[in-house]
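Just below is one structure, and these are the notes that go with it.
All of the numbers you see were taken from the coordinates with simple rules; none came from a lab. All values reported here derive from a predicted model rather than from experimental measurement. Using ideal geometry, Cβ is built from the backbone for each residue, glycine included, and neighbour counts are taken over all protein chains shown.
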Amino acid sequence: MSKTPPGPVLERADIDSALRTERLSLCGYLDDLGEAEWSAQSLCTAWTVRDVVAHLTFTTRATVPFVLKAAIRARGSFDRMEETVAADRAARFTTDELVGQLRESADSSRRMPGSGPMDPLMDLLVHGQDIARPLGRRHAMRRDLALPALVYVAANRFMGGPRRVAGLQLVATDAEWSSGVGPSVRGTAEDLLLVAAGRPAALATVTGPGVDVLAGRMAGRRSG
């Protein structure tokens, strides 16, 4: 029996092109939000919509010295560091300034120190839905990007993907792709990406006997 291939992998040039397109697309989406929507709770436990956008503006501006100092202040917790930096930027800049900064970074290939080429694109795709879904406003995700991002997150230990999907079979309903062995979890590549990234809200959009297993693994854990 042949082993299921892990799935599509994007070339660096394709990642850079997609980053530009997706950053500008998200900026256009954000331009239409009202002030109350900026203050709404995102799918990330600790962040509002404003905090999420502030985080996205930081990833192309982070330097090694700044990150090291921020990590020390956060007592070595990467999550705490990200939350603090995002909250600080959210408080210091207006919504127009934050969108402007994100738009300025459209062509940037800079990323957080220690991260890989795929990380900023994955971050942008997931956080775009963290913003859009609680607002009930559709922000379309390209399937040709969702599937590579899903493959990446499902194997990324730092993101917690392998822990969440271990012993489960993920089956994309909008592409000829599946991975893993065990109780199945079926959904679009976009929805599977969100559950692999630890978003409990996305559990309502997937089906199969493996959903209860996923729900148990996410219970009581922060998402972000």
Checklist outcome for this item: Each label sits 7 Å from Cα toward the beta-carbon; between ARG110 and GLU35 the label points are separated, in nm, by 3.1 nm
Checklist outcome for this item: HN-Hα couplings for region 153-163 via Karplus (6.51, -1.76, 1.60; θ = phi - 60°), in whole Hz with x for Gly/Pro, come out as 5, 4, 9, 8, 5, 4, 7, x, x, x, 5
Checklist entry - Picking from THR207, THR95, THR60, which is most flexible by a Gaussian network model of the chain using Cα springs under 10 Å? => result THR207
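What Kirkwood hydrodynamic radius do you get for region 44-168 when you take the inverse of the mean 1/r over all pairs of distinct Cα atoms, in Å?
That comes to 15.6 Å for region 44-168.
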Item to check | Relative contact order computed over region 12-135 (Cα-Cα under 8 Å; 6+ residues apart), in percent | outcome: 43 percent
Checklist entry - Whole-Hz Karplus ³J(HN,Hα) for region 26-42, in order, using 6.51 cos²θ - 1.76 cosθ + 1.60 and θ = phi - 60°, x for Gly and Pro? => result 5, 4, x, 5, 5, 4, 8, 7, x, 4, 5, 5, 5, 8, 5, 5, 8
Checklist outcome for this item: Rh (Kirkwood, all Cα-Cα pairs) for region 1-114, Å, reads 15.7 Å
Next on the checklist: Given all pairs of different Cα atoms, what value in angstroms does the Kirkwood hydrodynamic radius of the chain take?
Outcome noted: 17.9 Å
Checklist entry - What percent do you get for the relative contact order of the chain when only Cα pairs under 8 Å and 6+ apart count? => result 22 percent
Next on the checklist: Can you compute the modelled spin-label distance between PHE78 and ARG221, with each label point 7 Å from Cα toward Cβ, in nm?
Outcome noted: 1.4 nm
Checklist entry - Say we join alpha carbon atoms closer than 10 Å with springs in a Gaussian network model of the chain; which of GLY114, GLY208, GLY187 then has the biggest fluctuation? => result GLY114
Checklist entry - Over region 143-218, what per residue volume does the convex hull of the Cα atoms give, in whole Å³? => result 70 Å³
